[in-house]
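One structure is given here, and the rest of the page talks about it.
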Amino acid sequence: MELAVEDMESGVTLVRLNGRLDIAGASVIDLRFSALAGSRRSMVVDLSEVTFLASMGIRLLLGSAKTVTSKGGHMVLMAPIADVKNVLTTAGIDTLIPVYPDVQSAVAAVKL
Amino acid sequence: MPIERRLAVPRDLGRLDVVAPWVDAVAHAGDWPDKLSFAVQLCLEEALANIIEHDADPDGGPIAIVIDDSDSRRVAVRVESAGKPFDPTRYPEPVTAESLVEAKIGGQGIHLMRSFASAMRYERRDKRNSIELIFDRIQ
């Protein structure tokens, strides 16, 4: 699991994830991702290169979204592949963390 | 060389990364649809995580996984473990949160198993747990 961070001029932080967000993948990025959530107020999480999502990954996304929101910020998800989107929908996460199809709409949604 | 349909994994969350490549190999050999492979991997990860979190005693021994994909209509996956009784079919569905603030973290694994498998059965025999997950090939 790889994590890349881009702080955009708009004040939005774009977090690109790449790989499997399963037990192993979530444990690799847990500390860094949680630290980002603790220090940013506008976060877009790009899931377009995430090939697998299980409940450990959901825990990480949900916990981070709660952290960002508790500071008055916003976190959204972006461009999951169909299988990953199906997991998000089945778990009801898409009703708690908004999911956008592309970077433009996702950034517009969290821009302060 | 034929792909082995049986795998034993240690009772350790940090050592489950062998499961997905194994399922991939079985799926490739059996010409499964991608969605079926995804569903089997997801349900296996959730089953193993729940078994280990429920009974982390390392003396419980390894967890055995057996895949039977000989039926052209469905794939059966059996997960067998020693230790405390653990029946995922008896767990209640998680409460749906109305907002992010109310949302509780965790508790989604068994819900995902129920949703992505076509059927889930549990049997307790000789102090061992046996969870059988059935997946229809056409999903």
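The values are calculated or read from the model by the stated rules, or taken from the named source; none is laboratory data. All values derive from a computational prediction rather than experimental measurement. Neighbour counts are summed over all protein chains in view; Cβ atoms, including those assigned to glycine, are modelled from backbone coordinates with ideal geometry. In case anyone asks, the SASA skips ligands and DNA or RNA and just uses the protein heavy atoms, side chains included. Shrake-Rupley method; radii C 1.70, N 1.55, O 1.52, S 1.80 Å.
A few points about this structure:
- Sites residue A:81 and residue B:127, calculated FRET efficiency, Cβ-Cβ separation with R0 35 Å, nearest 0.05: 0.25
- Surface calculation, 1.4 Å probe, protein heavy atoms: residue B:3 sits at approximately 60 Å² accessible.
- Cβ-based charge dipole, chain A, positive-most Cα from A:68, A:8, A:29: A:68
- Given charges at beta-carbon only (K, R positive; D, E negative), |dipole| of the protein assembly as shown in Debye: 500 debye
- Put a plus charge on the Cβ of each Lys and Arg, a minus charge on the Cβ of each Asp and Glu, and nothing anywhere else: the dipole of chain B about its Cα centre is then about 380 debye.
- Only helices enter the 222 nm calculation for chain A: every DSSP H run of n ≥ 4 contributes -39,500 (n - 2.57), and dividing by all residues gives -14000 deg cm²/dmol, rounded to 500.
- For chain B, the 222 nm mean residue ellipticity estimated from helices alone, with every DSSP H stretch of n ≥ 4 adding -39500 (n - 2.57) and the total spread over all residues, rounds to -9500 deg cm²/dmol.
- Computed label-point distance, nm, for sites residue B:73 and residue B:29 using a 7 Å Cα→Cβ extension: 2.5 nm
- Extension gain, residue B:134 to residue B:55: 0.36 nm times the residue separation minus the Cα-Cα distance gives 26.1 nm.
- Out-of-range pairs (alpha-carbon distance over 20 Å; input A:111/B:104; A:66/B:104; A:85/B:35; A:71/B:104; A:71/A:111): A:111/B:104
- Dipole of the protein assembly as shown, positive direction: furthest Cα of A:81, B:39, B:108, with charges on the beta-carbon: B:108
- In this assembly, the B-A interface accounts for approximately 2200 Å² of buried accessible surface in total, computed with a 1.4 Å probe and without ligands, DNA or RNA.
- FRET efficiency estimate (nearest 0.05) - Cβ-Cβ, residue B:97 to residue B:18, R0 35 angstrom: 0.55
- Cα-projected label distance for residue A:18 with residue A:31, points at 7 Å along beta-carbon direction, nm: 2.2 nm
- Between segment B:68-120 and segment A:59-80, the alpha-carbon centres lie 25 Å apart.
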